[in-house]
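Data first, discussion second: the structure below is written as structure tokens.
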Amino acid sequence: MVSKILKLKVNEREILNSNRIIPYEMLYEAVVTAEELTALGVPENELLILKSFLRNIKPALKRTIVKAQKGFPVIAHHFAYPGEIFNAFDVADVVVETVPYTLSALVPAGPEKYYDIAGSFGHPHHSCSSQKGTIGMYIDDLYEFDALATPTAPCDNTFANFPLMQHLKDDNVPLITPDMPIYRDERAYKYFADELMTSIYQIGEAFGQEPDFKKLATAMEYTNRDLELIAEINELKKVKPNPIESMYCPLLTGIAAFAPGTPEKTQFFSDVLEVGKDRVKHGERAAGGEEKIRVMWPYMALFFDIGFCEWFDREMGMTMLHDIFTYPFYDKIETNKDPETLVEGIARQAMNYPMVRQSSTQMDFLIDDFVYLSKEYEADCAIFTVHLACKQVVSAVQILREALRDELGIPMLSIDVDAGDGRVTSIETIKSKITNFVETLLI
């Protein structure tokens with residue numbers, strides 16, 4: 001089992017002047033430590049997907065750190081802004097939401113200090129902790145941003161927090177915000193494609209660079225291959241027992257954010273597929289033992305305790321089929337056309353990116369998508385982590401519960417949490433609620 005025993009090997013203040021994205025160095029050191037511990041303490045054939053994640057995220061993080069050290073402009077962006085686009089520029093791109101949550105998975109109480117710094121500043125407790133953590137780091141002078149980029153999606157937290165970061169320091173950094181409509185039709189796709197193209201040139205203007213669309217096309221070719229691999233992995237998940245461990249869900253979220261359009265991300269999915277195929281061939285379940293309950297997880301996995309997934313798989317005999325991030329409802333795009341066609345394809349993907357699709361439109365998408373997935377993957381139940389900040393999705397919890405009950409006859413448990421801060425709802429409370437749910441309704 002994985003336990004949160006990692007300690008930061010780096011003193012934040014000692015490296016304060018070494019570059020402008022110190023939290024990336026903190027995370028890099030945590031990844032290196034985790035890789036060393038798994039090599040020393042985990043059997044060779046165990047936690048293979050976690051090992052691949054650590055192995056492939058490390059060079060992606062290092063590449064960003066080196067760019068910042070070389071003086072490339074630093075642009076902070078929402079995960080909903082297509083990260084492949086930054087391959088068209090000489091920039092160090094920082095994913096605002098993913099750093100605090102990945103730290104929370106690898107380092108005990110890793111980002112809590114920065115949540116509290118933001119709270120002391122006056123940041124509301126009910127706003128998104130993923131952005132709150134970065135705001136705390138920014139206030140603590142661990143970041144220097146030259147620009148910010150986010151679409152007007154997927155939530156009100158985004159609309160509030162990115163302008164806050166823009167005005168938080170005296171330099172008043174540029175904020176680039178392509179407008180994403182709530183509709184998903186041809187007119188909306190064309191509109192957002194125009195907005196996205198404008199934002200690309202705005203990034204170039206901010207840094208005195210011309211976008212290299214050939215490099216962007218190359219990045220999207222990697223993403224196209226990723227989609228092929230993910231589709232094969234998702235087919236394997238239909239097998240009983242599911243050969244892919246629950247930990248794959250939060251790990252996919254991390255690698256997708258930190259390494260978009262890169263060979264490392266593609267290698268991770270290739271590794272997962274190879275592991276899954278081998279297990280299916282031998283009739284094996286990832287965690288061993290019997291698969292007792294197949295679970296749909298319609299929102300975010302828990303990041304603040306990565307060991308929860310091992311408990312879920314091994315002690316409860318449960319398997320997390322999909323969370324909000326693991327099933328892309330979009331296709332590959334053409335990469336050998338003109339820049340306008342390329343960007344239009346990226347815009348379609350961005351508007352249907354996991355969580356963006358379900359959170360920034362009418363709630364029909366959330367309901368329909370997870371009823372479909374629950375049926376397709378023969379889920380026995382659903383568990384909905386009601387993230388404190390995601391108020392737009394919270395409104396749909398009861399509707400989804402009724403839809404799953406009425407259409408598929410399966411129950412759904414909802415648990416109030418903060419996916420990146422274990423102080424809101426402790427891991428012990430979460431485990432207790434799941435255990436009671438299983439013993440009451442499923443056994």
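Values in this text are rule-based calculations from the coordinates and carry no lab data. In this text, all values refer to a predicted model and were calculated from it rather than measured experimentally. Positions of Cβ are backbone-derived with ideal geometry, glycine not excepted, and every protein chain shown enters the neighbour counts.
Worth a mention:
- Amide H contacts of Val94 (H built 1.01 Å from N, under 5 Å, at least 5 apart or other chain): Ile75, Ala76, His77
- Contact order for the chain, expressed relative to its length and based on alpha carbon pairs under 8 Å spaced 6+ residues apart, stands at 17 percent.
- The DSSP beta bridges internal to the chain are antiparallel in roughly 5% of cases.
- Per-residue HN-Hα couplings for the range 405-418 [Karplus 6.51, -1.76, 1.60; θ = phi - 60°; Hz; x = Gly/Pro]: 5, 6, 8, 10, x, 10, x, 10, 9, 10, 10, 6, 8, 10
- For the peptides 41-47, 369-375, the ranking by mean Cβ contacts within 10 Å, running from highest to lowest, is 369-375, 41-47.
- Spin-label pair Leu40/Asp156, simplified geometry with 7 Å Cα→Cβ offset, distance in nm: 4.8
- For the range 214-442, the Kirkwood estimate of the hydrodynamic radius, built from every pair of different alpha carbons, is 18.4 Å.
- Extension gain (nm, one decimal) between Ile415 and Lys292, 0.36 nm per residue minus Cα-Cα: 42.2 nm
- Folded to 0 to 90 degrees: helix 339-351 orientation relative to the chain principal axis, Cα: 40
- One chain, two ends: Glu402 and Thr341. Fully extended at 0.36 nm per residue, the span grows by 17.9 nm beyond their Cα-Cα distance.
- Contact order normalised by residue count of the range 81-146, Cα under 8 Å, 6+ apart, percent: 31
- Length-normalised contact order for the range 214-442 - Cα pairs under 8 Å, 6+ apart - percent: 20
- Full-extension gain in nm, His282 to Asp364, via 0.36 nm per residue minus C-alpha separation: 25.6 nm
- Here, the chain has an Rg and a Dmax of 20.7, 63 Å when only alpha carbons are counted.
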